[in-house]
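Visitor: Let me begin by handing over the structure; questions about it come next.
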């Protein structure tokens, strides 16, 4: 196993879509990445395809296309084998420490045991990540020095 990067996060399609439509847990969790240039959202084409389809179904194709264009500029894109669960595949390919999902089966103890030994990743619900992720404590490890606070506006 490679060393994971504690400042890399993969969000499942359900979380990415919820971020578009609801001012809630998904948005609060992803705001950590948008607010800090040193925190990376990682994704794959398969993951973005899934999220784009959900956004188009809940909204419309124009909204989904606009979202896709923006997220491709914001996220670090990686490749993973066909057939991988997209968020887990993206996290593994990017050595990300975190996967955010609403899928209870991915957050189960059984899945955690199956992942152990293959990939070092923490799978959490967005509300848990939003509460527990502490950029101030992580900054000295990832970047070094004293934490200066957020360096980007998450709404731009």
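Visitor: Using a/c under 1.5 as the rounded threshold, could you call the chain rounded, prolate or oblate? The axes a ≥ b ≥ c are square roots of the C-alpha gyration tensor eigenvalues, and prolate needs a/b larger than b/c, oblate otherwise.
Guide: Note, shape of the chain comes out oblate.
Visitor: Still on this model: Rounded to the nearest 0.05, what FRET efficiency do residue 134 and residue 49 have when you use their Cβ-Cβ distance and R0 = 30 Å?
Guide: Values: r = 32 Å, r/R0 = 1.07.
Efficiency for this residue pair is about 0.40.
Visitor: Please find, in a Gaussian network model of the chain (springs between Cα atoms separated by less than 10 Å), the residue of 142, 119, 99 whose mean-square fluctuation is greatest.
Guide: 142
Visitor: Cα centroid distance between region 1-38 and region 115-156, in Å?
Guide: 9
Visitor: Also: Using helices alone, what [θ] at 222 nm do you get for the chain, with -39,500 (n - 2.57) per DSSP H run of 4 or more residues, divided over all residues and rounded to the nearest 500? Present the calculation step by step, with values, prior to reporting the outcome.
Guide: Numbers: 8 runs with 78 residues, N = 156.
Calculated from helices alone, the mean residue ellipticity at 222 nm is -14500 deg cm²/dmol.
Visitor: Could you grab the relative contact order for the chain? Cα pairs under 8 Å, six or more apart, rounded to a whole percent.
Guide: Normalised by residue count, the contact order of the chain is 34 percent.
Visitor: Stretched out fully, how many nm does the piece from residue 38 to residue 151 gain, at 0.36 nm a residue minus the Cα gap?
Guide: 39.8 nm
Read-outs throughout are calculated quantities, based only on the coordinates presented, and are distinct from any laboratory measurement. Everything numeric in this text was worked out from a predicted model, so none of it was measured. Glycine also receives a Cβ, built like all others from the backbone with ideal geometry; neighbour counts cover every protein chain displayed.
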